[in-house]
Amino acid sequence: MHKFASVVQPTPRARVQAMKEYHPPLGNRNAMRLDFNENTIACSPRVREVLGRISGGDLTRYPERGPVERIVAEHLGVAAEQVVLTNGVDEAIHVLFETFLDAGDELLLSVPTYTMYEVYASATDARAVSVQADGDLQFPFERLMCAITPQTKIIAIANPNSPSGSIATREQIIELAQRAPQAVVLVDEAYFHFYGETVIDLIGTFPNVVVARTFSKAYGLAGLRLGVLAGPVEMMQWIRRVLSPYSVNSLALACLPPALEDASYLNWYVGEVTAARTEFAAALDAAGVRRWPSHANFILMEIGAIHAEFVRLMSAGGVLVRDRSNDPGCDGCVRITIGTREQMREAVAVLNRTLETLRGSEDGR
């Protein structure tokens, strides 16, 4: 046997050692899943039909994303050369950052926002610059404009934003793109269907605007990991150089076209969620719970110091919600995904019982 002279082991880059860790609480989710902003029912029946027809032989071949990218491009109203499919929108963000962020560059963020922007940026030699939103958690447009420097290389905008559900207007996005022509302006439209407004038509008109979409939310394909990044042809050429050619699997590629074709299912689900969002917001108001206006499939509410116990009791009642109190400016806040009207009426009943228990405990002190 070979004996090693020392116990020295390979070490990762210093940047990797300094990276923030992100551990989403995905275990033990056998309840009503209102914690991760997923589709709360199912994907389109047409998708399940396609899955049932896939053979063992179909899985022996490497996936080819090109034909499906052409279908997606037509669906989005852009050219095929302006689109790349990715392994979830997370890969789109990761590859974009790997392509454009270098030493001395800055990623500009409004916070609170999607955690993975900062996580992926921390793996590069760039610096993340955060601009804190006010207490209303609205998009801090003026402060972002003032924070732009010659070193700003990417401005990441989740639109609608998470966890707040707030939005940046089209005019604000255009002004940011004009103010920072040296920077990629990423507009992450993961929750587009629940908002209804997009800037994807700006692609090509503005050479620095890219748009990301996911098929994990409204389409209900979170388990297949599918996202899309759309942008100017020149930018997509560089991104394709970094992107793995096989990162989107064959099952996902087979299921995406029927999901896109089934507009009636998508419209039904989005209609259910938007109607339920209105009902649930009214229920929170009636219960005296502060909330923030939302344009997405979730609502952020302020629970206060008892937020952890609130989350625990909601789970015990069969409803999973997400504690966001560690997000900047969200102390004591909890986010709840909006499902169908029937689901949210059940969630309201659990919420009211939980609040009654917590308020009773406080009164008895």
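Just a few scattered comments:
- If the chain linking Tyr22 and Glu346 were pulled fully straight, counting 0.36 nm for each residue of separation and taking away their Cα-Cα distance, it would gain 113.6 nm.
- Calculated FRET efficiency, Ala316 to Arg241, Cβ-Cβ distance, R0 = 41 Å: about 0.25 to the nearest 0.05.
- Net charge contributed by nearby residues that have their C-beta within less than 13 Å of Leu101 (K/R +1, D/E -1): -3
- Distance from the C-alpha centroid of region 329-344 to that of region 16-48: 14 Å, rounded to the whole angstrom.
- Under 5 Å between amide hydrogens, built in the peptide plane, is the criterion, and for Ala128 it picks out Leu107 among residues at least 5 positions away or on other chains.
- Separation between Cα centres of region 227-259 and region 263-292, rounded to whole Å: 32 Å
- Highest-fluctuation residue, Gly288, Gly56, Gly339 considered, GNM on the chain with Cα pairs under 10 Å: Gly56
- Listed residue (Pro140, Gly318, Ser110) projecting farthest to the positive dipole end of the chain, Cβ model: Gly318
- Semi-axis lengths, largest first, of the ellipsoid equivalent to region 162-232 are 23, 14, 10 Å, with √(5λ) applied to each eigenvalue of the Cα gyration tensor.
- Shape call, region 96-249: gyration tensor on alpha carbons, a/c limit 1.5: rounded
- In this Cβ point-charge picture (+1 for Lys and Arg, -1 for Asp and Glu), the chain has a dipole of about 880 debye about its Cα centre.
- If only the Cβ of Lys and Arg carry +1 and only the Cβ of Asp and Glu carry -1, the dipole of region 174-294 around its Cα centre is close to 420 debye.
- Of Arg290, Arg213, Arg61, the one that fluctuates the most in a GNM where the chain has Cα springs shorter than 10 Å: Arg61
- The chain: translational diffusion in µm²/s, Stokes-Einstein, Kirkwood Rh over Cα pairs, 10 °C, 1.306 mPa s: 72 µm²/s
- Average accessible surface area per residue within the chain, 1.4 Å rolling probe, Å²: 47 Å²
- Cysteines (scope the chain) whose Cβ has no counterpart Cys Cβ under 4.7 Å: Cys43, Cys146, Cys255
- One decimal place: the segment Ser264-Gln151 gains 36.1 nm when fully extended, by the rule 0.36 nm per residue minus the C-alpha distance.
- Rough spin-label spacing in nm, given labels placed 7 Å along Cα→Cβ, for Arg48 and Ala275: 2.1 nm
The values are calculated or read from the model by the stated rules, or taken from the named source; none is laboratory data. Values in this document were obtained by computation on a predicted structure and should not be read as measured data. FYI the Cβ positions are ideal-geometry reconstructions off the backbone, even for glycines, and counts take in every protein chain you see. Just the protein is used for accessible areas: all its heavy atoms, side chains included, with ligands, DNA and RNA removed. Shrake-Rupley method; radii C 1.70, N 1.55, O 1.52, S 1.80 Å.
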